[in-house]
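**Student:** One structure coming up, written as structure tokens, with questions to follow.
Since every read-out is calculated from the coordinates, none of them should be taken as a lab result. The shown structure was predicted, so the numbers you read here are calculated from the model rather than taken from an experiment. Cβ: placed from backbone, ideal geometry, glycine included. Neighbour counts: every protein chain shown.
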Amino acid sequence: MFTSLDGRTVVVTGGSKGIGKGIARVFARSGANVLVAARDGSTLAQAADDLRGEGGRVEAVTGDVAKVEDCRAIAAAAADRFGGIDVLCANAGIFPDKPFIELTEADIDAVLGCNLKGTMFMVQACLPALEASGRGRVVITSSITGPITGYPGWSHYGASKAAQLGFLRTAAIELAPKKVTINAVMPGNIATEGLAEMGGDYIRETEAVIPQHRLGGVEDIGYAALFFATDQAAYITGQTIVVDGGQTLPESPAALAGI
Ligand code: NAP
């Protein structure tokens with residue numbers, strides 16, 4: 001039986017939409033106090049309203065994780081409103097697509113700035129509070145894209161998602177004496193506002209190659225993140241869990257024939 005997260009404080013970056021909102025919903029339902037963070041204040045306020053009534057208290061703070069000072073402000077807001085931080089879900093991410101050959105330095109900086117540096121800055125900013133918790137948890141939203149698979153147009157994105165895992169393996173060692181674990185969820189294709197921008201053809205072609213023949217739901221990622229946050233996962237650090245409906249399993253199209 002898993003112990004409850006009732007009363008613990010969770011910071012979810014990118015909590016205004018998509019996977020982050022799904023993670024926030026799952027933690028709120030489990031009784032946690034949730035601080036959602038994102039750049040656009042109106043979407044964020046609407047998300048916080050949607051999430052209130054799920055269980056725990058929900059607060060919102062605007063911030064850009066690509067900016068160190070905003071990461072510090074998000075962490076300070078959690079301490080101010082809830083008295084500390086027990087769990088950081090470093091989820092904020094962008095996935096613009098462009099062929100590798102056309103990528104500019106600005107394109108690469110934007111993706112690495114949010115997805116990789118934003119993750120690292122958020123962990124740094126929350127670390128004093130996570131250590132004070134005595135059972136601090138970091139859960140990164142990585143991806144199958146980069147660490148396992150590739151997709152044309154996402155070379156910079158895939159690099160950022162693989163880099164998150166390189167970061168977490170050393171961070172796990174450095175944070176272990178502070179009783180803080182750090183793990184990552186690696187989603188496959190999840191039905192979110194961001195993914196919808198890829199268009200109907202992309203979604204149909206993707207569903208065809210997933211053994212379960214459907215996209216994942218945002219709460220599928222939320223439950224995996226919740227597991228890493230439980231007391232029962234205290235001895236797991238520096239690890240990853242793929243949540244992809246089996247998408248990365250088929251060796252060839254023949255493996256999917258007839259299913
Ligand atoms: P989404 O629907 O576009 O939502 C992204 C969230 O991140 C929004 O709340 C957005 O709000 C926020 N955000 C973006 N840039 C930010 C920044 N610089 N600072 C703070 N917040 C920022 O995306 P999603 O599909 O849920 O993806 C969420 C995470 O899951 C990303 O890390 C992505 O790489 C990962 N992922 C997604 C999928 C998928 O299939 N959807 C698969 C694998 C991995 P604002 O724009 O208002 O800031």
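**Student:** Of the residues in the stretch 34-75, how many are more than 18 Å from the chain's Cα centre (by Cα), small (Gly, Ala, Ser) and either over 25 Å from Ala184 (Cβ atoms) or not in a helix (DSSP H, G or I) (or both)?
**Tutor:** 6
**Student:** Can I ask one more? How about the stretch 219-252: which of its residues are within 15 Å of the chain's Cα centre (by Cα), under 12 Å from Phe2 (Cα atoms) and surrounded by fewer than 19 Cβ atoms within 10 Å (Cβ to Cβ)?
**Tutor:** If the condition is that a residue be within 15 Å of the chain's Cα centre (by Cα), under 12 Å from Phe2 (Cα atoms) and surrounded by fewer than 19 Cβ atoms within 10 Å (Cβ to Cβ), then Phe227 is the only one that fits.
**Student:** Condition test on Ser155, is it in contact with a strand residue (DSSP E or B) (Cβ under 8 Å, 6 or more places away or on another chain), within 25 Å of Lys98 (Cα to Cα) and either in contact (Cβ under 8 Å) with a residue 24 or more places away in the chain or within 15 Å of the ligand (Cβ to nearest atom) (or both)?
**Tutor:** It is false that Ser155 is in contact with a strand residue (DSSP E or B) (Cβ under 8 Å, 6 or more places away or on another chain), within 25 Å of Lys98 (Cα to Cα) and either in contact (Cβ under 8 Å) with a residue 24 or more places away in the chain or within 15 Å of the ligand (Cβ to nearest atom) (or both).
**Student:** Among Phe167, Phe121, Phe95, which is the only one that is of a type in the set (Phe, Trp, Tyr) and outside any helix (DSSP H, G or I)?
**Tutor:** On inspection, the qualifying residue turns out to be Phe95.
Rundown of residues vs (1) within 13 Å of the ligand (Cβ to nearest atom); (2) crowded, with 17+ Cβ neighbours inside 10 Å; (3) among the charged types (D, E, K, R), yes/no style:
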residue: Phe2; (1), (2), (3): no, no, no
residue: Thr13; (1), (2), (3): yes, yes, no
residue: Ser16; (1), (2), (3): yes, yes, no
residue: Ala37; (1), (2), (3): yes, yes, no
residue: Ala45; (1), (2), (3): yes, no, no
residue: Val68; (1), (2), (3): yes, no, no
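**Student:** When you scan the stretch 170-200, how many residues do you find that are of a type in the set (A, V, I, L, M) and either assigned to a strand (DSSP E or B) or closer than 13 Å to Phe95 by Cβ (or both)?
**Tutor:** 9
**Student:** Just checking, does the stretch 81-92 include any residue being more than 24 Å from Leu226 (Cβ to Cβ), in a loop (DSSP other than H, G, I, E, B) and not charged (D, E, K, R)?
**Tutor:** No: zero hits.
**Student:** Within the stretch 47-66, how many residues are surrounded by fewer than 16 Cβ atoms within 10 Å (Cβ to Cβ) and touching a Ser or Thr at 6+ places or on another chain (Cβ under 9 Å)?
**Tutor:** Result for the stretch 47-66: 0.
**Student:** Do we find a residue being touching a residue at least 40 places away in the same chain (Cβ under 8 Å), out of contact with any strand residue (DSSP E or B) (no Cβ under 8 Å at 6 or more places or on another chain) and either of a type in the set (Ser, Thr, Tyr) or closer than 24 Å to Pro96 by Cβ (or both) anywhere in the stretch 121-131?
**Tutor:** Taking every residue of the stretch 121-131 in turn, at least one turns out to be touching a residue at least 40 places away in the same chain (Cβ under 8 Å), out of contact with any strand residue (DSSP E or B) (no Cβ under 8 Å at 6 or more places or on another chain) and either of a type in the set (Ser, Thr, Tyr) or closer than 24 Å to Pro96 by Cβ (or both).
**Student:** Suppose we filter the stretch 164-215 for residues that are among the hydrophobic types (A, V, I, L, M, F, W, C), under 20 Å from Cys114 (Cα atoms) and away from the ligand (no atom under 12 Å from the Cβ); how many remain?
**Tutor:** Within the stretch 164-215, residues that are among the hydrophobic types (A, V, I, L, M, F, W, C), under 20 Å from Cys114 (Cα atoms) and away from the ligand (no atom under 12 Å from the Cβ) number 5.
**Student:** Something else: Hey, any hits in the stretch 199-221 for a residue that's of a type in the set (D, E, K, R) and within 28 Å of Ala171 (Cβ to Cβ)?
**Tutor:** Yes.
**Student:** Looking only at the stretch 140-162, which residues are under 19 Å from Ala172 (Cβ atoms), of a type in the set (Gly, Ala, Ser) and either surrounded by fewer than 21 Cβ atoms within 10 Å (Cβ to Cβ) or out of contact with any helix residue (DSSP H, G or I) (no Cβ under 6 Å at 6 or more places or on another chain) (or both)?
**Tutor:** Of everything in the stretch 140-162, just one residue is under 19 Å from Ala172 (Cβ atoms), of a type in the set (Gly, Ala, Ser) and either surrounded by fewer than 21 Cβ atoms within 10 Å (Cβ to Cβ) or out of contact with any helix residue (DSSP H, G or I) (no Cβ under 6 Å at 6 or more places or on another chain) (or both), namely Ala162.
**Student:** Please determine whether any residue of the stretch 201-209 is among the polar types (S, T, N, Q) and under 30 Å from Ala132 (Cα atoms).
**Tutor:** no
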